[in-house]
1. Determine which single condition B:Leu131 fails, assuming it passes every other condition in (1) in contact with a strand residue (DSSP E or B) (Cβ under 7 Å, 6 or more places away or on another chain); (2) away from every other protein chain (no Cβ under 13 Å).
2. Could we say that A:Val176 is within 14 Å of ligand 2 (Cβ to nearest atom) and among the β-branched types (Val, Ile, Thr) here?
3. Out of all the residues in region A:184-193, which are within 16 Å of ligand 2 (Cβ to nearest atom) and facing chain C (nearest Cβ under 10 Å)?
4. Return yes or no: is B:Glu185 acidic (Asp, Glu) and either without any contact (Cβ under 8 Å) to a residue 40 or more places away in the chain or in contact with a Lys or Arg (Cβ under 7 Å, 6 or more places away or on another chain) (or both)?
5. Being over 16 Å from A:Cys118 (Cα atoms) and assigned by TED's automatic domain parsing to the domain that holds A:His110 is true for just one of A:Ile164, A:Ile173, A:Ile158. Which residue is that?
6. Can you tell me which residues in region B:370-416 are basic (Lys, Arg), farther than 29 Å from B:Pro46 by Cα and surrounded by 17 or more Cβ atoms within 10 Å (Cβ to Cβ)?
7. Out of A:Asn119, A:Asn133, which single residue is under 26 Å from B:Val160 (Cβ atoms) and either away from chain B (no Cβ under 14 Å) or within 16 Å of ligand 1 (Cβ to nearest atom) (or both)?
8. A:Tyr145 passes all but one of (1) in contact with a strand residue (DSSP E or B) (Cβ under 6 Å, 6 or more places away or on another chain); (2) more than 16 Å from ligand 2 (Cβ to nearest atom); (3) within 14 Å of chain B (Cβ to nearest Cβ); which number fails?
Amino acid sequence: MKKLHRRSFLKGGLAGGAAIAAVGTSKHAEAAGSFGGYPDSMGVLVDLTKCVGCRTCEAACNKEQGLPAPDKSFDDPSVFEEKREGGLPRRTTEKAYTVVQKYDVPGREHPLFRKVQCNHCNEPACLTSCFVNAYKKTPEGAVMYDPTVCVGCRTCMIACPFYIPAYSYSSAINPVVKKCIMCYDTRLKFGKPPACVEACPQEVMTFGKRKDLLKLAHQRISEKPEAYVDHVYGENEVGGTAWMYLSDVPFDKIGYDTHLGDQPIISYVKEFLAIVPMVLTIWPALFTGFHLLSNRKDALKNEDNKS
Amino acid sequence: MNSLKSQGFAPVVSHRKKDGSEWTVKEKLMLGLSPKEYMAVQLRNPFNWVLWAIYAVGLPILVGRFIFGLGWVTHSSYDYPWGLFLGWGLFVMVPLSASGFMMGTTVELFGRKDFKSIERLGLLNGLLGYLFAVMFLQVDLGQPWRLIYPMFVSLGPAAVLFLVAWHVATYLSCQVAELVPAFAEWMDFPKAKQFIKKIVLGLTVAGIILSTLHQGALGALFTYAPGKVHPLWYSSSFQWFQFFVSAVFAGLSMLIVVSTLTKWFMRWRCDETYLNNLSKLTLGLAKGASLALITYLVIKIIGIAHDNDWQYLASGWGAWFMFEMVVGVILPLIIYTMAVRNSNASLARFGAFLAVFGLALNRLNTALITFNWQLYQEIPHWREVVIVVTVYATYIVVYRAVLARMPILYTWKENK
Amino acid sequence: MGGRKKTLMGMAALMLLTAPAGAQSWAADGPGTVELGSLANHYSAVTFDHAMHVGVAANCAECHHHTTGLAPTDPNCVRCHEAGAQARSVACKDCHSDKRFSAEDLEKTGGNPQLYHKGKPGLKGAYHQKCLGCHTTMGGPTGCQDCHTRNDQGDAFFHSGKYAPAPKASGGHGGGH
Ligand code: SF4
Ligand code: SF4
Ligand code: SF4
C-alpha cells in the first residue's frame with residue numbers, strides 16, 4: 001500500500017508544471033521494477049492442457065461485459081480457422097475481450113487451445129505509458145481503464161507487450177480502449193471470480209491469490225512433470241502477471257512471446273527518464289555560461305575598439 | 001511572382017509605399033498588389049493547381065475522418081495503433097523542425113550574429129513544423145477535444161508522452177514568442193518587439209532544454225516497445241540520444257532545404273543580405289550538420305554493439321538498415337564534408353536533401369516499417385495517405401503565405 | 001479430426017451438475033442411472049447411465065479415485081491413498097463442490113495452508129474433465145449436446161440457434177443437433 005501512496009503523491013504533487021513533473025518522472029522510474037505487485041492481489045491460473053476450445057468463456061465474457069453481439073455464434077468452431085493479417089490467429093478486439101485460439105501442434109494428439117485476454121500485469125506497460133493516468137492497478141489485481149479521461153493516443157497499445165488493448169475505431173464520437181478488466185466492477189471487487197473463470201466447464205482456470213496460484217502451479221508441474229513444461233508463463237514475464245499459464249507444449253510454439261524478459265516494460269524507459277532531471281538542472285547553467293563566455297568576447301572586442 | 005519582380009514590381013518591405021502613404025493591413029496581406037493582380041498571380045501559379053487538386057480530394061476525406069471516425073480512414077489496426085499520422089506528422093515533422101532552437105542557440109546564445117539573416121527562417125521552420133505536428137496529432141487522436149486533458153484534467157506524469165505533451169506545448173509558446181518580433185515589425189507594434197528582446201535569452205535557453213528533452217522523448221516513446229521495434233532500430237539506452245542527435249542534423253538540413261526552396265521559388269521575396277549570405281550560411285549549417293551526423297553514426301554503432309545486435313545485420317532487415325545508414329547518414333556526411341572543404345554550397349544542398357530523406361526514413365522505419373517486425377507489415381489505408389498529403393499541403397500553404405508577407409527572408413525597413 | 005473437433009466445440013456447459021439422491025435407480029452394486037442437473041441453466045439435465053459405464057470402465061477407481069476401496073489409478077494418488085479403506089461417500093458431489101466459486105469455497109481452498117488438494121476441481125470441472133478426458137481417448141461422445149440438450153437460455157447465451165447472428169448464421173454448429 002505504500003507504493004500506492006507514493007503514486008498518488010506523485011499525481012497530486014506534480015500538477016504544478018512540466019519541469020517539476022518531469023523530475024518526478026524519474027523518481028518513479030528509479031523505483032519502478034521493484035514494484036512486485038500487491039501482496040494479496042488475486043490472479044488466475046490457466047491450465048492450457050485442460051482447455052477443449054468450447055468458447056463458453058468467450059460467451060460468458062460477452063454477456064458479463066455487455067459486449068455487442070458476435071459476428072458468429074459462440075459455438076461456431078470456424079472462428080479458429082480465421083486469420084488476421086500476417087496469417088496470425090484472431091486476437092482481442094473492441095467486441096471481444098477474450099478469444100480462444102487453436103494451435104495444431106505437431107506430435108500432439110489434439111489441438112491445443114489457448115485463451116487470450118489481458119494478463120493484468122503487476123507493473124503494467126499500459127499503465128506506465130499512459131499520459132492521462134487512465135489505467136489503475138487495483139489491490140485486487142485488476143488493471144482498470146478509465147474511458148472518461150482517455151485522449152486516444154493509443155500509446156498503451158504500443159506498450160502492451162501482449163497486444164491486448166483494442167480501440168473502438170468505429171466510433172467517431174467516443175472511441176475508447178477496450179480490454180478485459182478482470183470483471184472488476186461486477187465481480188472481482190466482491191471477491192467473486194471473473195465470469196469466464198466460472199463459466200468454463202473444464203475449470204481450466206483456477207482463481208485465487210496470485211501467490212497461492214504460483215505454489216499450485218509448481219505443485220502441478222512437480223506432480224506430473226511429464227504433463228507440463230517446467231515453466232509458469234507469467235510468473236516472471238515483464239515483472240509478473242496476474243494471469244498465469246501452464247502448458248504441455250513449449251510456450252514459444254503456441255504463440256507466447258518467450259523473449260520478453262523479466263523486467264517490467266517501464267524499466268526499458270528508465271535510462272531516458274533518468275536524464276530528464278539532469279538536463280533540467282544542468283542545461284540552464286551550462287548554456288547561460290556559454291552565452292556569457294561568447295558575449296565576453298564581444299565585450300572585450302568592444303573595449304578594444306574603444307581604446 | 002519572380003517574373004513580376006523582374007518586371008519591376010517591388011514587394012512590401014516597410015510601412016510606407018513609395019509615395020510615402022502607409023500600407024493598410026489588407027494591402028499588406030495582398031502583398032501590395034491590387035485584388036485583381038493578386039488573383040491573377042494566384043491563378044497563374046501551377047503549384048496552386050496542384051494544391052487545389054489535393055484539396056478537392058483531401059478536404060472531404062479530412063472532414064469524413066471527423067464524421068465517420070478513424071475507422072473510416074485507417075485500417076483500424078489494433079497491432080499498429082500508430083499509422084502515418086503520427087509516423088509522418090509527429091515523428092518526422094518534429095525533428096525536421098529542430099532548426100528553431102538551433103538557430104536561436106547559435107545566434108542568441110553563442111552570439112554568432114553572422115547567422116542572423118537565416119535565424120528567422122530557422123525559427124519559422126520550427127514553429128510551423130511543431131504547429132502542424134500538433135495538427136497531425138489532432139487528426140490522429142481518438143478524442144482530439146481532450147487534447148488538454150494531460151495538462152489539466154488527468155495527469156500521468158510518469159509517462160514519456162506526458163513530457164512530450166507539456167514540452168511541445170511550452171515550446172510552441174516559446175517559438176511564437178521568438179517570432180513576435182517579425183510579426184511586430186510587419187504589424188508595426190514596436191513595443192512587443194522590445195519586450196521579447198528583453199526575454200529572448202530566457203526563451204532560447206528554455207528552447208534548448210525543452211528541445212533536448214522532447215526530441216529525445218520521441219525516441220524514448222519507442223523504448224516502451226522493446227520487442228516490437230526491430231533491434232537494429234531499438235536501443236533502450238541510446239534511443240533518446242539517437243533521436244536527439246538526429247534531430248540536430250535533420251533540423252539543420254531541413255533549414256538548408258527550405259532556404260534552397262526559397263532561393264529557387266521565392267527569390268522575389270528575399271533581400272540582398274539574405275541571398276548574398278546564403279551560400280556561406282549553407283556551408284556553416286552543413287558543417288554543423290556534419291558534426292551531428294558523425295556523432296549520430298557513432299552512437300548508432302555503439303547502440304548496436306551495446307545490445308550485440310550484429311547478427312541482425314546479415315538479415316534482410318540488416319540490408320534495409322544498411323541502406324538507411326548509407327544513403328541517409330554516411331552519404332550526406334561525406335557530401336557535407338566535401339562541400340565544406342570545397343566551399344561548394346550546391347553540393348551541401350544536395351547533401352541536405354539526402355539527410356532529410358534519411359531522417360524521414362529512420363523515423364518511418366522505427367514507427368511503422370520495422371515496427372512489429374515479427375508480425376506483419378501494415379500498409380496504410382489510401383485515405384490515411386490522402387489526409388497526410390492534405391495536411392502537409394496546408395503546412396506548405398501556410399509556410400509560403402508567411403514567408404511572402406512577414407520579414408523572414410528580408411529585413412524590414414523601419415519608418416523615417 | 002474435423003468431425004470430432006466439431007463435436008468438441010459444441011462441448012459447452014454453464015451448468016452445475018449435481019446428483020440428487022432422489023433421482024437414482026439402483027443396479028446391483030451401484031446406481032443404475034443418475035439424473036445430473038438440478039442446477040442446470042443453459043442445458044437440460046443429463047441422465048447418466050451408471051450401469052453402462054460400470055461395464056465400460058476398467059474399474060471403479062477410474063472415476064472414483066480412492067473412494068471405493070480400490071487403489072487409485074494415478075500413481076501420484078497412491079502415495080497417500082492406498083487400496084483398502086472405502087470412503088464414507090462415493091458420490092462426486094461430496095468431494096467436488098458444486099459451489100466451487102462461492103466465497104466459502106474460495107476461502108477454504110485458497111486460504112488454508114494445510115489443504116493439500118488445493119487445485120481440486122469443483123463438481124462441474126470434475127465431471128467435464130473426467131467424462132471428456134475418457135470420452136476423448138475411448139471415442140465416446142464429446143459434443144456438448146451429445147450429453148445434454150441446450151435450452152433456450154443456452155441458445156441465447158451462445159448467440160446460437162434462433163439467436164444466431166444474421167449474416168453468417170450457418171457457421172457449423174458443434175455438438176448434437
Ligand atoms: S470455456 Fe474453458 S474449456 Fe472452453 S474454451 Fe474457454 S477456457 Fe477452454
Ligand atoms: S496485458 Fe497489456 S493491457 Fe493487460 S495489464 Fe498487461 S500491459 Fe496492460
Ligand atoms: S475476466 Fe471478465 S472481462 Fe476478462 S476475459 Fe474474463 S469475463 Fe472477460
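1. Of (1) in contact with a strand residue (DSSP E or B) (Cβ under 7 Å, 6 or more places away or on another chain); (2) away from every other protein chain (no Cβ under 13 Å), only one is false for B:Leu131: (1).
2. When the stated conditions are applied, A:Val176 passes them.
3. Passing the criteria: none in range.
4. Values: acidic (Asp, Glu): yes; either without any contact (Cβ under 8 Å) to a residue 40 or more places away in the chain or in contact with a Lys or Arg (Cβ under 7 Å, 6 or more places away or on another chain) (or both): yes.
Criteria met by B:Glu185.
5. Numbers: A:Ile164 fails: over 16 Å from A:Cys118 (Cα atoms); A:Ile158 fails: over 16 Å from A:Cys118 (Cα atoms).
Every option except A:Ile173 fails the conditions.
6. none
7. A:Asn119
8. (2)
The values are calculated or read from the model by the stated rules, or taken from the named source; none is laboratory data. Everything quoted here is computed from the prediction, not taken from an experiment. Reconstructed Cβ throughout: ideal geometry from the backbone, glycine too, with neighbour counts over all protein chains shown. Accessible surface is based on the protein model in full, side chains and every heavy atom, while ligands, DNA and RNA are left aside. Shrake-Rupley method; radii C 1.70, N 1.55, O 1.52, S 1.80 Å.
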